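The values are calculated or read from the model by the stated rules, or taken from the named source; none is laboratory data. Every value quoted in this text rests on a predicted model; they were computed, and no experiment measured them. Methodologically, a virtual Cβ is constructed for each residue, glycine included, from the backbone with ideal geometry; neighbour enumeration extends over all protein chains shown. Calculation scope for accessible area: heavy atoms of the full protein, side chains included, ligands and nucleic acids excluded. Shrake-Rupley method; radii C 1.70, N 1.55, O 1.52, S 1.80 Å.
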Amino acid sequence: MQDYTRTTTAMLDGLFDSENSTVWADFDRRYRPILVGFSRRLGLSDADAADVAQETIARFVTEYRDGKYDRERARLRSWLVGIAKYRVLEIQRKRGVRKEARGESAIFSLSDEQTMTAAWDEERRSAVLRDAMERLRTETRTSPKTIEAFEMLMVRNQPVAKVAEQLEMSSHDVYLAKSRVAQKLRDIVSEMEKVYDGEF
Amino acid sequence: MDSANGQDQCPDLSVLEDVARGITTDESLTRHLLECEACRKKVDEIASDNDLLSEFVVANATTFQLDAPVGSTPDSDIPGYEIEGEIHRGGQGVVYKATQIATKRTVAVKTLLHGAFATTRQRIRFEREVELAAGLVHPAVVTVFESGVTSDGRHYLAMEYVEGETLDVHVARLRDELGQGRVFVDRLFRLFERICDGVNYAHQRGVIHRDLKPSNIIVDAEGAPHVLDFGVAKAVGSEAMDEERTTTMPGEFVGTLAYASPEQVLGDSHLIDIRSDVYALGVILYEALTGQRPYKLAGSLADVVYTISEVDPPSPTSINPELTAEVNAIVMHTIRKSVDERYQSARALYLDLDRFLRGVPIEARRDNALYVFRKNLYRYRVPVAIAATFVLLIVTFAINATRQASIERGLRKESAARLLTITNSLGTFDQETSELADIELQSLADLLDVLDEFADETERSDPIGSAQLRAAIGTAYLGRESFEIAEDRYRQTLTQMRGIYRKPHADVAEAHHNLARSLWKQGRYEEAQVDYREALRLRLLLFGAESAETAHTTHHLASTLQLLDQFDESVELYEEAIRVRRQILGADHPQVANTLMSLGGCLRDAGHLGKAATRLRESLEIIRTDSGPDDWRVSRVEHVLAMLYIDLAEFDKAEPMLDDSLRIKRLGGGDEDLNDARGYYEFARLDYMRGEDMLSAEAQCRRALDLMRGPYASGHWELAQTHGLLSRILLEQGRRKEALAEAQLAVGMSEAVNPPNHWRVGWERCGLGAALAANERLKDAWISTTDGLEIVSTTRPPGDWRIRWSLEHAIELARAMDDAEAARSLEIRLASARDEAKKARSEL
């Protein structure tokens, strides 16, 4: 999980110092998952998406240290999207015309700026949500039973009566557990999202 | 109710959960929620919790899957399928290539993420939609085989496995190979025909796609298209705009918004139907032809919605100049913002693509012309008066066109050019208007519809202009021989004007005059008389006796009275109109000739054949001097003169007149109309009375009937009279059964359209009597004949040939009935009638 104590702005300031490997690692943790998800949305396989994320971060760090990235001129998000898009196109060109069956329709046109940004934002949100879940389990004093009630109910789509029976709770308490989880997650997410201040 | 009691009655949390998920609609519960704010708040909280948690579930799907006991290899996940590999991983889930174990066929299995359905209702909807989609079997539709639940509780869909490339990739390759001109367009249209065919097939089975886009269409190695995910969009709720998603639009939908129709982005879910799919096909077509989407969607959601629902896209030709105006029209017609203006089905789009490929005129272009026209009316707020002027221009052409139909084509171009001039003169020229210059208004009727609508909508803002426009529309319909519609428009005009003008006004007088004309044209002379008299009263009041307007109405009233057999007053009014016209226009003015011609006809009807002939020749001379031998009025006078000669059995004089009359009518070419019908009728009568060639008489008569049936669909004395003549001709050929049928038709119609005891009714009764006699129904024949004869002999001038005809047949019948006495008395009357005829002929 990434470090949610440093804002993106603080992180970018630290990146100038090549010795500061903690910042580099933080930046990588924050943006790699987003880049992987983003590239997958553009139709890449998991392996290709991982490559794109790797190359994009490496390239960004180089460019940043060379002073090519000007925070006044471009948002971090657009800058990263720009690099990633270029990599994706390169891979697609290398593969030639893709011949594959599609049972899925989530392919975006690379020239659509609006769509690109939206895809990025969603991936970022997903990353936050995943981390939030993790944090709920490890960092808060939420009882395992409460979390389990939530998972059975919402994730496995099990009927409330069954959940109640298995966990030896009343239906009312199962719902209360769910509501508690929701409230905790909401708080965690809003706190975590504050760190992305430099992106917009 | 005190608060303690209120809380006692508050439902359990589980019940509120159901409310929040929308799976209960208990009435008492609803009542409680209306009263209890605490419960309402709780329901809102639950709904908002569920939204957030669903989002979590989707985002953490992979994590949760890893946690699942089965592990990451999905092989055993999907019962009945053997997974061969992953094809795609995306926002909604993962797609695998698999073999269905039972059938051994290769399929694509799409698994949906956990939490794809936030509510039970959504899950039920999914299952129902899949069931519908599973019924679709068409070469251009990817067939869904079944749906089910994996062992760890995820939903999946098994569908036909298609290998190929997505449409956008395919099109990009076509463009590389073929350029973007006609060859490319042809290939693309052929491909789209097949897509339309598949989409139409699904529509006919009640399945709307709702999320058509290039990535949902796979083109295989043979170039055949396959549309994916039919019904899935609605089922999974991933259509660009679901009713529940309009307020908060997650980014994932933005990508598909480019293909969403205005009604979809506006959340008008009740408007979403097959035409929303048509719209998406249009956007796909637009993008394929130009390489660009119609809109650059940017900014906030509100901006995007505004752009899609309000902004006009640039025309495809402006991006790809190799496209023709027709291609342009097809694409633009497909992506019209109003559902009603689009192609109404994928089939309709298919047909136009097909027309284009066959080089036949397309439908879209026709509508486009009207659309542009309508748009210009509104956009430039063309003053209604100018619109009215425009209609009058059309009317002029329309009326000419009924005589000279060959110019109809020219008329359409001309009309368009005129509108262009009008909008130009208002300083409102733009690119779109310029398209009008080369459009052809396919049908005047369509144009009049648009103008009708315009008159309706401007009624409040510009009542006078609107009334004038309506009057002009009425005149246009009159010119097109749509008399009832014309009447309706004139009546509306009159109602409107009565509300506007309190005192006598020239416009009101004109409206009465026009209404009377439309009634006259329908043969409703009694009613016409009333309005003509009112118009005349007003015009006398406003303009005095010595005015062109007054003379005009006087002339028309005279012609109405003539047809009501009020010959004395009719002659008097004609004489008055001639006097005034001579005085203000000059003795030899064509309008004087017009009235002389009508007076001649009236005198003929009144039995003053000699006087009639004099007036007619006088008229003919003026017209020939003024307008030359080919003028249409020459034809009219010759026609009346010919009628007169036929009445007098002067067939050799009648024939050349009739020939020349018809020659002039035919000069204009084009479709034949009522005037031609009248010519054929007289030819038939000539042949019949001459008694030489009944087959020719029959042919001419039938030709006249064919031409009359349309405009006289609701009956007319001319039509009745023509049936009557046909009956007599058939009788002469011994075809008595057919003759009887025609005679019965003639009498029935004649009684319906003429006043009781009108001579025309009597005349047809005599005809029926003869037909009955031939069919050996002597008693019926006698009643019909004597009734008819009574009327004809008292209402027709004594020299009229009809009296002689009726007497001759009555005598024959009396003899057949062995009534010698009756026969003898009829013979005496016949002798006297023959004397009268001789006298009339000598008057010439």
request  = Give A:TYR196, A:TYR175 a once-over and let me know the one that is crowded, with 16+ Cβ neighbours inside 10 Å, facing chain B (nearest Cβ under 8 Å) and not hydrophobic (A, V, I, L, M, F, W, C).
outcome  = A:TYR175
ask   = Just one of B:ASP706, B:ASP780, B:ASP693, B:ASP787 is of a type outside the set (A, V, I, L, M), more than 38 Å from the chain's Cα centre (by Cα) and outside the structural domain of B:ALA816 (by TED's automatic domain parsing); which is it?
value = B:ASP693
query = Within segment B:466-489, can one find any residue that is among the β-branched types (Val, Ile, Thr) and closer than 25 Å to B:ALA677 by Cβ?
reply = yes
query = On the given criteria, is B:GLU808 outside any loop (DSSP other than H, G, I, E, B) and closer than 18 Å to B:ALA837 by Cβ?
reply = yes
message = With the requirement that a residue be surrounded by 22 or more Cβ atoms within 10 Å (Cβ to Cβ) and part of a loop (DSSP other than H, G, I, E, B), what does segment B:273-296 give you?
response = B:PRO294
ask   = What number goes with the only condition from (1) assigned to a helix (DSSP H, G or I); (2) surrounded by fewer than 20 Cβ atoms within 10 Å (Cβ to Cβ); (3) more than 10 Å from chain A (Cβ to nearest Cβ); (4) modelled with pLDDT of 60 or more that B:GLU45 does not pass?
value = (3)
message = So for segment B:150-160 (the condition being within 42 Å of the chain's Cα centre (by Cα), among the polar types (S, T, N, Q) and either outside any helix (DSSP H, G or I) or in the same structural domain as B:ILE319 (by TED's automatic domain parsing) (or both)), does at least one residue qualify?
response = no
query = Any chance segment B:551-569 includes a residue that's of a type in the set (Phe, Trp, Tyr) and either in contact with a Ser or Thr (Cβ under 6 Å, 6 or more places away or on another chain) or in contact (Cβ under 8 Å) with a residue 60 or more places away in the chain (or both)?
reply = no
ask   = Quick one: which of A:SER143, A:SER170 is away from every other protein chain (no Cβ under 11 Å) and surrounded by fewer than 18 Cβ atoms within 10 Å (Cβ to Cβ)?
value = A:SER143
task = Scan segment A:42-67 residue by residue and report those that are open to solvent by 20 Å² or more (accessible area, probe 1.4 Å) and either in contact with a strand residue (DSSP E or B) (Cβ under 9 Å, 6 or more places away or on another chain) or away from chain B (no Cβ under 14 Å) (or both).
result = A:SER45, A:ASP46, A:ASP51, A:GLN54, A:GLU55, A:ALA58, A:ARG59, A:THR62, A:GLU63, A:ARG65, A:ASP66, A:GLY67
remark   = When B:LYS737 is run through (1) under 19 Å from B:ASP565 (Cα atoms); (2) open to solvent by 70 Å² or more (accessible area, probe 1.4 Å); (3) not in a loop (DSSP other than H, G, I, E, B), the failure sits at (1)
query = For B:ASP77, all conditions in the list (1) more than 13 Å from chain A (Cβ to nearest Cβ); (2) at pLDDT below 80; (3) surrounded by fewer than 17 Cβ atoms within 10 Å (Cβ to Cβ) hold save one; what is the number of the exception?
reply = (3)
ask   = Taking B:ARG728 and the conditions (1) closer than 20 Å to B:ILE811 by Cα; (2) open to solvent by 20 Å² or more (accessible area, probe 1.4 Å), which numbered condition does it fall short on, given that it satisfies the others?
value = (2)
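A quick yes/no check of all residues on (1) open to solvent by 30 Å² or more (accessible area, probe 1.4 Å); (2) farther than 30 Å from B:TRP520 by Cβ; (3) modelled with pLDDT under 95; (4) assigned to a helix (DSSP H, G or I):
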| position | (1), (2), (3), (4) |
| --- | --- |
| B:SER750 | no, no, yes, yes |
| B:ALA771 | no, yes, no, yes |
| B:GLU776 | yes, yes, yes, no |
| B:LYS779 | yes, yes, yes, yes |
| B:ILE783 | yes, yes, yes, yes |
| B:THR786 | yes, yes, yes, yes |
| B:THR794 | yes, no, yes, yes |
| B:GLY799 | no, no, yes, no |
ask   = Would you pick out the residues in segment B:96-116 that are within 8 Å of chain A (Cβ to nearest Cβ) and modelled with pLDDT under 80?
value = B:HIS114, B:GLY115
query = What number of residues in segment B:708-718 are aliphatic (A, V, I, L, M) and open to solvent by 10 Å² or more (accessible area, probe 1.4 Å)?
reply = 1
